[in-house]
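The structure under discussion appears below in the form of structure tokens.
The values are calculated or read from the model by the stated rules, or taken from the named source; none is laboratory data. Computed from a predicted structure; not experimentally measured. Please note: Cβ atoms are built from the backbone with ideal geometry, for glycine as well, and neighbour counts cover all protein chains shown. Heads up: the accessible areas ignore ligands, DNA and RNA and are worked out on the full protein's heavy atoms, side chains in. Shrake-Rupley method; radii C 1.70, N 1.55, O 1.52, S 1.80 Å.
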Amino acid sequence: MTHIERVDLNLLAPLAALLEERHVSRAAEVAGMSQPAMSRALQRLRDTLGDELLVRTPGGYRLTPRAERLQRQLRAVLPRLESLFAPEGFDPAEAAETFRVAGTDFTQVFAPAVFQRVFRESPRSTLHFRTWHDAIYEDLDRGVVDLVFFARSTPLPALRTELLLEDRFVCVLSADHPLAERPAIALEEYLGATHVIVGTIGERQTAIEQRLEDLGEHRRAGLTVPYHSLALRSVPGTRLILTLPARLLAEQRPDPGIRILPAPEEIRPLGYLMAWHPRLDGDLGQRWLRNAIRAVTSELPEPTQH
């Protein structure tokens, strides 16, 4: 960079015009400059390069040997510079992007539709879906993942976050559970029961535990599992209560062995978000992916009432 640092790169366009036109007035017109401005640019170029570049002859201006070499180089370099500084475009049909996302298993509510949309519109792209873990936000900060899906009430000030959808909680009980025939479960009854905990973060079902802690309460865990699907299979024939978002039951076949009741009204609906690092705000591929996710989640039907 020793030589380029002492050069005004604004002189590149006048230089290219002068070498092509070999005439100050015509070069000024091509470059959109006044003739005096082009004359000053020519003098600056001569001083910078230590060469006359254009020499007047009876037949008009002629290029010096240095100018001829410069002309050949500029014809190769200027299109590359134009491409370097031109606005980026993104065509999903032609793109071969690698998207790295992560989330809890609640993403099964919308992830398959996202995957289908991505591969339909950008068939050459690749998706890597990673398992949720306690250090996932550090992975996002380090660039190991591009986008995460999560339920969280506390803010993440270093990241961009956006609410994708909300879902109410329901309680799943065995059909022979003592509370199974109630129209609803009161908070006192809920707290007195034994629960299946879906340990999304540190063996805590954070959205529920945080709300109960705000009320100064806690529930007793009889079983802790990492996945909602496993938790759901663990309920029949037990005295356990499973609390989960209603949308997770949308694809389940009716099971005579379970009952589904509204969660206590004190347990507020779940807000499910996506988050990304600010450095990805302007990346066209990432913006396209986020828009695809918004489109899919906005079209989700409301969960069945229980």
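Just one of Pro236, Pro264 is in contact (Cβ under 8 Å) with a residue 24 or more places away in the chain, open to solvent by 20 Å² or more (accessible area, probe 1.4 Å) and more than 30 Å from the chain's Cα centre (by Cα); which is it?
Pro236
Listed here are the residues, each with its yes/no results for (1) open to solvent by less than 30 Å² (accessible area, probe 1.4 Å); (2) within 30 Å of Pro301 (Cα to Cα).
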residue: Glu88; (1), (2): no, no
residue: Ala95; (1), (2): yes, no
residue: Thr98; (1), (2): no, yes
residue: Val101; (1), (2): yes, yes
residue: Gln108; (1), (2): no, yes
residue: Arg120; (1), (2): no, yes
residue: Arg124; (1), (2): no, yes
residue: Arg130; (1), (2): no, yes
residue: Ala135; (1), (2): no, no
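I'm checking my understanding of the structure. Among residues of the stretch 274-306 that are open to solvent by 30 Å² or more (accessible area, probe 1.4 Å) and outside any loop (DSSP other than H, G, I, E, B), which one is farthest from Val109 (Cα to Cα)?
Applying the filter and picking the extreme gives Arg279.
The rows are residues; the columns are (1) of a type in the set (Ser, Thr, Tyr); (2) free of Cβ contacts under 8 Å to residues at least 12 places away in the same chain; (3) open to solvent by 40 Å² or more (accessible area, probe 1.4 Å).
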position	(1), (2), (3)
Val196	no, no, no
Ile201	no, no, yes
Arg211	no, no, yes
Arg220	no, no, yes
Pro226	no, no, yes
Leu230	no, yes, yes
Ile241	no, no, no
Leu244	no, no, no
Pro256	no, no, yes
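Only one of these conditions is not met by Glu20: (1) farther than 30 Å from Leu300 by Cα; (2) without any contact (Cβ under 8 Å) to a residue 12 or more places away in the chain; (3) of a type outside the set (Ser, Thr, Tyr). Which number is it?
Only one criterion in (1) farther than 30 Å from Leu300 by Cα; (2) without any contact (Cβ under 8 Å) to a residue 12 or more places away in the chain; (3) of a type outside the set (Ser, Thr, Tyr) is unmet by Glu20, namely (2).
Filter the stretch 55-86 for residues that are open to solvent by less than 70 Å² (accessible area, probe 1.4 Å) and in a loop (DSSP other than H, G, I, E, B); which is modelled with the lowest pLDDT?
Among those residues, the one meeting the criterion is Ala86.
Could you list, in sequence order, the residues of the stretch 100-120 that are in contact with a helix residue (DSSP H, G or I) (Cβ under 7 Å, 6 or more places away or on another chain), part of a helix (DSSP H, G or I) and farther than 13 Å from Pro245 by Cα?
Result: Ala113, Val114, Arg117, Val118.
Hey, does the stretch 22-34 have a residue that's modelled with pLDDT under 85, more than 30 Å from Tyr227 (Cβ to Cβ) and open to solvent by 80 Å² or more (accessible area, probe 1.4 Å)?
Scanning the stretch 22-34 turns up no residue that is modelled with pLDDT under 85, more than 30 Å from Tyr227 (Cβ to Cβ) and open to solvent by 80 Å² or more (accessible area, probe 1.4 Å).
Okay, residues lined up against (1) in contact with a Lys or Arg (Cβ under 7 Å, 6 or more places away or on another chain); (2) not small (Gly, Ala, Ser):
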position: Val198; (1), (2): no, yes
position: Arg204; (1), (2): no, yes
position: Tyr227; (1), (2): no, yes
position: Ala231; (1), (2): no, no
position: Leu242; (1), (2): no, yes
position: Arg259; (1), (2): no, yes
position: Ile267; (1), (2): yes, yes
position: Tyr272; (1), (2): no, yes
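What are the residues in the stretch 137-152 that are surrounded by fewer than 21 Cβ atoms within 10 Å (Cβ to Cβ) and under 14 Å from Ile293 (Cβ atoms), if any?
Residue satisfying the conditions is Leu147 alone.
Of the numbered conditions (1) of a type in the set (Asp, Glu); (2) under 22 Å from Leu270 (Cβ atoms); (3) surrounded by 13 or more Cβ atoms within 10 Å (Cβ to Cβ), Glu162 satisfies every one except a single condition; which is it?
(3) is the only condition that Glu162 fails.
When the residues of the stretch 176-186 are narrowed to those that are among the aliphatic types (A, V, I, L, M) and open to solvent by 30 Å² or more (accessible area, probe 1.4 Å), which ends up farthest from Pro256 (Cα to Cα)?
Of everything passing the filter in the stretch 176-186, Ala186 is farthest from Pro256 (Cα to Cα).
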